[in-house]
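Asks: I have a structure I would like to understand better, so I am pasting it below and will then ask my questions one at a time.
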Amino acid sequence: MKVLVTEKAQREKDSLGHLIASRFDTLFGKLNSGQDLSTKDFKKLKGYKQLYEFRIKQNTNIYRAIGGMIKKDVLIVLFIKKKSNKLSLNVFNTVLKRLNQFK
C-alpha cells in the first residue's frame, strides 16, 4: 500500500507548518515501507466504505489527513486542523467530492 497526495491536499499540508507536514511525511513513509501503524495514527472511518484518516495530535490541536482507497493505494485529498474529535458532514462531503474526481 502506498500513500499518494493530491496537489490541492499538498498545498493544504504545507500550510499546516513544517513540523506537522514532516510528521505526516514520516507516517506516510512508514506505511509506504510496509510498516503497520497504530489505530491512533491511521484508521478507517466508520460509516464510510473506503475512507481513511491519519491523525497527529499536537498540544490541543488534532491534524488530520483524510483520503480514500484507489486500487491498493491511499489517496489523500484533504488536510485539516481540528480542535474537536468530531468531523462535520461538510468535511466528508468535500472528501467524497474530491475522491470522485479520481475514480
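The values are calculated or read from the model by the stated rules, or taken from the named source; none is laboratory data. Just so it is clear, the structure is predicted and the values come from calculations on it, not from any experiment. Using ideal geometry, Cβ is built from the backbone for each residue, glycine included, and neighbour counts are taken over all protein chains shown.
Asks: Given segment 1-81, what strands (runs of 3 or more DSSP E) lie entirely inside it while holding 2 or more residues that are closer than 14 Å to Val95 by Cα, touching a strand residue (DSSP E or B) at 6+ places or on another chain (Cβ under 6 Å) and at pLDDT below 95?
Replies: Numbers: elements: 3-5, 42-44, 51-58, 61-70.
It comes to 51-58, 61-70.
Asks: Of the residues Lys13, Lys72, which is at negative phi, basic (Lys, Arg), in contact (Cβ under 8 Å) with a residue 12 or more places away in the chain and loosely packed, with under 15 Cβ neighbours inside 10 Å? I'd like the intermediate steps shown before the answer.
Replies: On the way: Lys13 fails: loosely packed, with under 15 Cβ neighbours inside 10 Å.
After ruling out the rest, the residue left standing is Lys72.
Asks: Just one of (1) under 21 Å from Gln101 (Cα atoms); (2) among the aliphatic types (A, V, I, L, M); (3) in contact (Cβ under 8 Å) with a residue 40 or more places away in the chain trips up Ile20, so point out which.
Replies: Result: Ile20 passes all but (1).
Asks: Given the criteria without any contact (Cβ under 8 Å) to a residue 40 or more places away in the chain and either surrounded by 13 or more Cβ atoms within 10 Å (Cβ to Cβ) or of a type outside the set (Ser, Thr, Tyr) (or both), does Arg98 qualify?
Replies: For Arg98, the condition - without any contact (Cβ under 8 Å) to a residue 40 or more places away in the chain and either surrounded by 13 or more Cβ atoms within 10 Å (Cβ to Cβ) or of a type outside the set (Ser, Thr, Tyr) (or both) - is not met.
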